[in-house]
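The values are calculated or read from the model by the stated rules, or taken from the named source; none is laboratory data. Please read all numbers here as calculations on a predicted model, not as lab measurements. Positions of Cβ are backbone-derived with ideal geometry, glycine not excepted, and every protein chain shown enters the neighbour counts. SASA here: full protein model, heavy atoms, side chains in, ligands and nucleic acids out. Shrake-Rupley method; radii C 1.70, N 1.55, O 1.52, S 1.80 Å.
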Amino acid sequence: MTSLAQRTQHAWPDGARCVIGLTLDFDGTSLERGRDQLPVGARSHGRYSAKCGIPRFVDMFTRQGVPWTFYVSGYDAEESPDLVRTIARSGIEIGSHGYLHEGVDPGDAEPELLERTHRLLTDITGIAPKGWRSPSGHKTARTLNKLRELGYVYDSSDKDFDLPYLLRYGGQEHDNYVCLPNNTSSLDDFPFYRVSYTPPSEVLTHWMQEFDAIYAEGGYFNLTVHPRVGYGSGSPARVAIVEKLITYIKRHDGVRFVGMLELAQWCLKRPADWRRDWSGQ
């Protein structure tokens, strides 16, 4: 079993004490379309992403001057190509996030969907994505084989560890592909705004406490937000608390904000530092 000491024996870029990955899942109307729902009326939340949520986050990115990574589905990129180009031109990294925000394992159709989204994002932005986040949490060896074939070097989908680690599947560890875990329980806006309906002020307090604890361990803080209205962070008060969180984090010594691809490349240059002890699996 991996001890706490083993988990904290690592180095971060520029000798930082703690690294911060700020990530956003676009989650526009692809989510409804993927479920054969018409995105209007009570199901129109996703339309807010492109209209208000994403522009508000891009503006905040410009003010704060720290890296972000946005994960975008192929369908949302098709619907809003100019917006996706704006995101890329602002300097934000764009990763892949399914085609129709598939809510279940798409089975044999998955390789074609992964390739379609990869091609769309590359054609629209002029930059081939290197990172992927599962739109619903599913992932198989078929998924990973196709992503590696397309040139991806990381994904941010698993929730099983505090730190990055080299991915293991097919019975072996791979030195050219890294997992950057995302915590969808306490460092994701969805459960707070959709399940417990927590006020933004309390969400901010919680995220600050999570940061404090991770900072004390010299760890890795990966925040996930969504620009949808209702159960995401796209509205004014909810974007404002993300900005307050960033300002709070900046006041701490030894903090390094990183794009997810930058962090993945750092890890992959030092594979021996990011091997997990799998004996407890």
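Sequence-distant contacts, meaning Cα pairs under 8 Å at least 6 residues apart, place the relative contact order of the chain at 28 percent.
For segment 1-109, the relative contact order is 30 percent, taking Cα pairs closer than 8 Å that sit 6 or more residues apart in sequence and dividing their mean separation by the residue count.
Placing a label point 7 Å from the Cα of H252 along the Cα-to-Cβ line, the residues of segment 16-30 whose backbone N sits under 16 Å from it are 16-23. For the options A16, A264, A128, a Gaussian network treatment of the chain with springs between C-alpha atoms closer than 10 Å singles out A16 as fluctuating the most.
Taking Cβ atoms as reference points and 14 Å as the exclusive limit, the residues near P271 contribute a net charge of +2, counting Lys and Arg as +1 and Asp and Glu as -1. What is segment 212-281 by shape, rounded, prolate or oblate, if you read a ≥ b ≥ c off the alpha carbon gyration tensor as root eigenvalues and call it rounded for a/c under 1.5, prolate for a/b larger than b/c, and oblate otherwise? Here segment 212-281 falls in the prolate category.
Comparing Q209, Q172, Q64 in a Gaussian network model of the chain where C-alpha atoms under 10 Å apart are linked, the largest mean-square fluctuation is found at Q172. Take the Cα of A128, step 7 Å toward its Cβ, do the same at N176, and the gap between the two points is 1.2 nm.
The Cα atoms of segment 1-145 give a gyration tensor whose axes a ≥ b ≥ c have a/c of 1.5 or more with a/b no greater than b/c, which makes the shape oblate. Summarise the accessible area of segment 12-144 (1.4 Å probe, protein heavy atoms) by the percent that is carbon and sulfur. So the carbon and sulfur contribution to the accessible surface is 49 percent.
Of all stretches in the chain that contain no trypsin sites (Lys or Arg not before Pro) in a DSSP loop with at most 16 other Cβ atoms within 10 Å, the longest one is 36-158. Beyond 31 Å in Cα-Cα separation lie the following of the pairs K159/K269; K139/K250; K244/K269; K139/K269; K139/K244: K139/K250; K244/K269; K139/K244. Report summary: the helix-based calculation at 222 nm, which adds -39500 (n - 2.57) for every DSSP H run with n ≥ 4 and divides by the residues of the chain, gives -10500 deg cm²/dmol. Here the Karplus relation 6.51 cos²θ - 1.76 cosθ + 1.60, evaluated at θ = phi - 60°, turns the backbone of segment 82-94 into coupling constants of 5, 5, 5, 4, 4, 4, 5, 5, 6, x, 7, 5, 10 Hz, with x for every Gly and Pro. Considering the chain as a Gaussian network with a 10 Å cut-off on Cα pairs, which listed residue, S233, S201, S30, attains the greatest mean-square fluctuation? Looking only at S233, S201, S30, the biggest GNM fluctuation is shown by S201. The residues of the chain have, on average, 43 Å² of accessible surface per residue, using a 1.4 Å probe with all protein chains present. Take L38: with every protein chain present and a 1.4 Å probe, its accessible area is about 110 Å².
Within the assembled protein chains, the solvent-accessible surface assigned to V229 is about 50 Å², based on a 1.4 Å probe. Excluding I20 itself, what net charge comes from residues whose Cβ is under 10 Å from its Cβ, given Lys and Arg +1 and Asp and Glu -1? Computed value for this residue: +2. Taking a sphere under 14 Å around the Cβ of S90 and counting the other residues whose Cβ falls inside, with K and R at +1 and D and E at -1, yields a net charge of +1. Between T198, L166, Y231, the Cα set farthest toward the positive side of the dipole of segment 157-281 (charges on each charged residue's Cβ, about the Cα centre) is that of Y231.
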